[in-house]
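Asker: Just dropping this structure here.
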Amino acid sequence: QVQLVESGGELVQAGGSLRLSCAASGRTFSAYAMGWFRRAPGKEREFVATISGNGVSTYYADSVQGRFTISRDNAKNTVSLQMNSLKPEDTAVYYCGASRRYSSIRLGADYWGQGTQVTVSP
């Protein structure tokens, strides 16, 4: 069982930056691939970024490639998402997810956090 708690979401102007964090419980954090997902108003949840358990491999959605960076600290059981050059279309609730399968986490996670709201004003 993994419990996830996101933080860091807030209102920011277009072009600005935010850093989201996700704190995980449990003693086997490094065994899980971690991902960030988002759900914009009226839209389906979409994949944003993922990182492998050892932090070596990362993968991003085309819409955020080059602007967002995912990282993790296995000693602190945390995963972060640095978001730069934010756009109004990045407005969404951002969710942290965990899965034992890095290859398929983009399709959905086994464990989810409660989400944190990111709002980007024009």
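The values are calculated or read from the model by the stated rules, or taken from the named source; none is laboratory data. Computed from a prediction, not measured in an experiment: that's the story for all the values here. Methodologically, a virtual Cβ is constructed for each residue, glycine included, from the backbone with ideal geometry; neighbour enumeration extends over all protein chains shown. Ligands, DNA and RNA are excluded from the accessible area calculation, which covers all protein heavy atoms including side chains. Shrake-Rupley method; radii C 1.70, N 1.55, O 1.52, S 1.80 Å.
Asker: At 7 Å along Cα-to-Cβ for each site, give me the label-to-label distance between residue 103 and residue 27 in nm.
Answerer: Spacing of the two 7 Å Cα→Cβ label points: 2.9 nm.
Asker: Between residue 87 and residue 114, take the C-beta separation as r, use R0 = 22 Å, and let me know the FRET efficiency to the nearest 0.05.
Answerer: Numbers: r = 24 Å, r/R0 = 1.11.
Here the calculated transfer efficiency is 0.35.
Asker: Next up: In the Gaussian network model of the chain, springs joining C-alpha atoms below 10 Å, which of 66, 108, 35 carries the largest mean-square fluctuation?
Answerer: 66
Asker: Can you give the accessible area per residue of the stretch 1-86, in Å², using a 1.4 Å probe? Don't skip to the answer; put the middle values down first.
Answerer: On the way: 4450 Å² over 86 residues.
Computed with neighbouring chains in place, this is 52 Å² per residue.
Asker: Restricting to Cα pairs below 8 Å that are 6+ residues apart, what does the relative contact order work out to for the chain? Please round to a whole percent. Kindly include the intermediate steps, with their values, before the conclusion.
Answerer: Details: 311 pairs, mean separation 44.6, N = 122.
Over the chain, the number comes to 37 percent.
Asker: What whole-number distance in Å separates the alpha-carbon centres of the stretch 105-122 and the stretch 1-74?
Answerer: 7 Å
Asker: Largest first and to the nearest Å, give the Cα extent of the stretch 51-116 along each principal axis.
Answerer: Result, largest extent first: 32, 23, 23 Å.
Asker: Same structure again: Note down the net charge around residue 114, summing +1 for each Lys or Arg and -1 for each Asp or Glu among other residues with Cβ under 13 Å from its Cβ.
Answerer: Numbers: positive: 39; negative: 6.
Local net charge: 0.
Asker: Test of understanding: extend the Cα→C-beta vector of residue 45 to 7 Å, then name every residue of the stretch 78-122 with backbone N under 12 Å from that spot.
Answerer: Label zone hits: 93-99, 106-116.
Asker: Here is a further query. Percentage of Cα-Cα pair distances in the chain greater than 18 Å, rounded to whole percent? Walk me through the numbers before you get to the answer.
Answerer: On the way: 3281 of 7381 pairs.
Of all Cα-Cα distances in the chain, 44 percent exceed 18 Å.
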